[in-house]
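Q: Pasting a structure below so you can have a look.
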Amino acid sequence: MEAFQGVDLADSLVLGWSLNDGTLSFDIDVSLWPDHPGYIANENGEVACYRKARLIFSSVRDLQGLRPMEKTEGHDFDGVKDYGTIDYFAQPGRGSFVLAGEFGDVEFKSDQPQLELATQNEPA
């Protein structure tokens with residue numbers, strides 16, 4: 001998917017998720033590479049930069065496998081609770097998506113996903 005050029009979801013931390021009115025959203029600390037337009041060079045020399053973002057799927061239907069966030073154990077290594085990474089993300093067919101991680105092995109149909117980067121001063 002062209003919208004995810006320069007995005008490494010397997011290196012992005014899931015901070016939370018919600019399903020409201022047919023919209024599935026994942027709050028993430030997204031790993032961006034230099035070929036992504038939202039990339040900001042690091043002063044510490046790392047290649048990837050990390051930014052708060054929201055991964056949004058609209059018009060979700062036929063959803064299966066999503067765990068309730070309040071019943072999912074998270075990690076707190078640095079004072080910020082997270083739920084691991086997005087271990088798997090695929091689009092097996094037009095409008096069909098499969099994601100896997102601590103949030104579940106999730107399958108659903110939806111519109112094309114959007115990645116919204118938070119501004120530097122705005123939380124995801």
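Any read-out appearing in this document is the output of simple, stated calculations on the displayed coordinates, not a laboratory observation. Note that the structure is a prediction, hence the values are computed from the model and not measured. FYI the Cβ positions are ideal-geometry reconstructions off the backbone, even for glycines, and counts take in every protein chain you see.
Q: Among 43, 102, 73, which one shows the biggest mean-square fluctuation in a GNM of the chain, springs joining Cα atoms closer than 10 Å?
A: Per the Cα network of the chain with a 10 Å cutoff, 43 tops the list.
Q: Can you give the FRET efficiency for residue 11 and residue 64, using 1/(1 + (r/R0)^6), R0 = 30 Å, r = Cβ-Cβ distance, to the nearest 0.05?
A: Numbers: r = 26 Å, r/R0 = 0.87.
Given R0 = 30 Å and the Cβ-Cβ separation, E is 0.70.
Q: Oh, and also: Give me the Kirkwood hydrodynamic radius of the chain, using the inverse of the mean 1/r over all pairs of distinct Cα atoms, in Å to one decimal. Walk me through the numbers before you get to the answer.
A: On the way: mean 1/r = 0.0668 Å⁻¹.
About 15.0 Å, per the Kirkwood formula over Cα pairs.
Q: Grab the Cα-Cα distance for residue 116 and residue 87, subtract it from 0.36 nm times how many residues apart they are, and report the gain in nm with one decimal. Please report the intermediate quantities before stating the final value.
A: Numbers: separation 29, 0.36 × 29 = 10.44 nm, distance 1.98 nm.
Contour length minus the Cα-Cα distance gives 8.5 nm.
Q: While we're looking at this one, here's another question. Have a look at 100, 53, 41 and tell me which one the Gaussian network model of the chain (Cα, springs below 10 Å) gives the largest fluctuation.
A: Evaluated over the chain, the most mobile residue of the options is 41.
Q: Below 8 Å, C-alpha to C-alpha, sequence gap of six or more: please give me the relative contact order for the chain in percent. The partial results should precede the final answer.
A: Values: 273 pairs, mean separation 33.6, N = 124.
Relative CO of the chain lands at 27 percent.
Q: Give, rounded to the nearest 20 debye, the magnitude of the charge dipole that the chain has about its Cα centre when Lys and Arg contribute +1 at Cβ and Asp and Glu contribute -1 at Cβ. Don't skip to the answer; put the middle values down first.
A: On the way: 9 positive and 22 negative charges, 88 e Å.
Magnitude of the dipole: close to 420 debye.
Q: Could you list log10 I(q)/I(0) for the range 7-48 at q = 0.22, 0.24 Å⁻¹, which the Debye formula gives when each Cα is one point scatterer?
A: Those come out to -0.77, -0.84, one per q.
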